[in-house]
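Engineer: Just dropping this structure here.
The values are calculated or read from the model by the stated rules, or taken from the named source; none is laboratory data. Quick caveat, the model's predicted, so the values are computed rather than measured. Cβ placement follows ideal geometry from the backbone for every residue including glycine, while neighbour counts extend to all protein chains displayed.
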Amino acid sequence: MSTHATYAAYPTRTIVPHESFLAYAPRGPGVMCALFYFPAERDIYGWWIGSAGGEFLPAYFLLKDFFSTDGNHCYTTRGGDLYGGWHYDYEREQPALAEPLAGDDAPRHLLEELQHEFCREWLYFADDPAAAAEIAESERYGFPVQPVNIQRRKLARFDTHDAVWTYASSKADANVIDYLRQRWPLDYRLE
């Protein structure tokens, strides 16, 4: 399967390349993290959701100047509020910013569309009435049903050799994933 999504807002079909990574603990909290990202010149934009102390935290992120030596920033939104600006910089010891930083409209619209497509392709949410069949399928196979879940048919694509199963798209950069895991507030961290 392709690691590309269709950006439906364009009148003609435009393919937007992006990479994805998911980590799943089938005998624990379920989704440890699910994320996608795409590069934009010196920056990387993306979205994640994952387990943090029993809750599931979403955030859009901007890895500012990731492809430069000018000093990086790991900016995130407050939850799923893409249009409220960047509220956190996880390069800082105290990540909350005094004032949110404004973002560019073009990447925000693209992030929103890709987040919708990524969720439709990979995830289901327990509070979605349309997820009843997916919930029944997960329960039948003994997988935890949490507020956020990976579609059971997608689990066949995961590396299942460890306690936490993982999937990375073919061109996912381990440096990007490790960079996020050292900074984000999710339980799936590099220590």
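Engineer: If you take the residues in region 63-91 that are aromatic (Phe, Trp, Tyr) and loosely packed, with under 14 Cβ neighbours inside 10 Å, which one is modelled with the highest pLDDT?
Structural biologist: So in region 63-91, the residues aromatic (Phe, Trp, Tyr) come out as 66-67, 75, 83, 86, 88, 90.
The next check asks that each one be loosely packed, with under 14 Cβ neighbours inside 10 Å; those that pass are 67, 83.
On the way: Phe67: 87, Tyr83: 91.
Once the filter is applied, the top-ranked residue is Tyr83.
Engineer: Tell me, yes or no, whether region 107-125 has at least one residue that is touching a Pro at 6+ places or on another chain (Cβ under 7 Å), of a type outside the set (A, V, I, L, M) and modelled with pLDDT of 90 or more. Can you show your working first?
Structural biologist: Looking only at region 107-125, we keep the residues that are touching a Pro at 6+ places or on another chain (Cβ under 7 Å), and these are 125.
Now drop any that are not of a type outside the set (A, V, I, L, M), which leaves 125.
Within this subset, residues satisfying the condition of being modelled with pLDDT of 90 or more are 125.
Yes, region 107-125 contains at least one residue that is touching a Pro at 6+ places or on another chain (Cβ under 7 Å), of a type outside the set (A, V, I, L, M) and modelled with pLDDT of 90 or more.
Engineer: Sticking with this one: Please work out if Leu111 is buried (at least 17 other Cβ atoms within 10 Å of the Cβ) and either over 17 Å from Ala23 (Cα atoms) or in contact with a Lys or Arg (Cβ under 6 Å, 6 or more places away or on another chain) (or both).
Structural biologist: Details: buried (at least 17 other Cβ atoms within 10 Å of the Cβ): yes; either over 17 Å from Ala23 (Cα atoms) or in contact with a Lys or Arg (Cβ under 6 Å, 6 or more places away or on another chain) (or both): yes.
Criteria met by Leu111.
Engineer: Is there a residue in region 169-176 that is aliphatic (A, V, I, L, M) and more than 21 Å from Cys119 (Cβ to Cβ)?
Structural biologist: Taking region 169-176 first, the residues aliphatic (A, V, I, L, M) are 172, 174, 176.
Add one more test, that the residue is more than 21 Å from Cys119 (Cβ to Cβ), and what stays is 174.
Yes - at least one qualifying residue is present in region 169-176.
Engineer: Just to be sure I understand, how many residues within region 36-49 are buried (at least 19 other Cβ atoms within 10 Å of the Cβ) and either more than 17 Å from Leu111 (Cβ to Cβ) or over 13 Å from the mean Cα position of the chain (by Cα) (or both)?
Structural biologist: 1
Engineer: Of the residues Pro58, Pro95, Pro100, which single one is touching a Ser or Thr at 6+ places or on another chain (Cβ under 9 Å) and buried (at least 17 other Cβ atoms within 10 Å of the Cβ)?
Structural biologist: Residue meeting the stated conditions: Pro58.
Engineer: Just the residues that are of a type in the set (A, V, I, L, M, F, W, C) and in contact with an Asp or Glu (Cβ under 7 Å, 6 or more places away or on another chain), please, taken from region 101-156. Can you show your working first?
Structural biologist: At the first step, the residues of region 101-156 found to be of a type in the set (A, V, I, L, M, F, W, C) are 101-102, 106, 110-111, 114, 118-119, 122-123, 125-126, 130-133, 135-136, 143, 145, 148, 150, 155-156.
The answer is Val145, and nothing else.
Engineer: A further question follows. Anything in region 122-153 that is in contact (Cβ under 8 Å) with a residue 60 or more places away in the chain and either part of a helix (DSSP H, G or I) or within 14 Å of the chain's Cα centre (by Cα) (or both)? List them, or say none.
Structural biologist: Trp122, Leu123, Val148, Asn149, Ile150
Engineer: Give the residues of region 156-191 that are assigned to a strand (DSSP E or B) and free of Cβ contacts under 8 Å to residues at least 60 places away in the same chain, sorted by residue number. I'd like the intermediate steps shown before the answer.
Structural biologist: Taking region 156-191 as the starting set, the residues that turn out to be assigned to a strand (DSSP E or B) are 159, 165-168.
Of everything in region 156-191, just one residue is assigned to a strand (DSSP E or B) and free of Cβ contacts under 8 Å to residues at least 60 places away in the same chain, namely Asp159.
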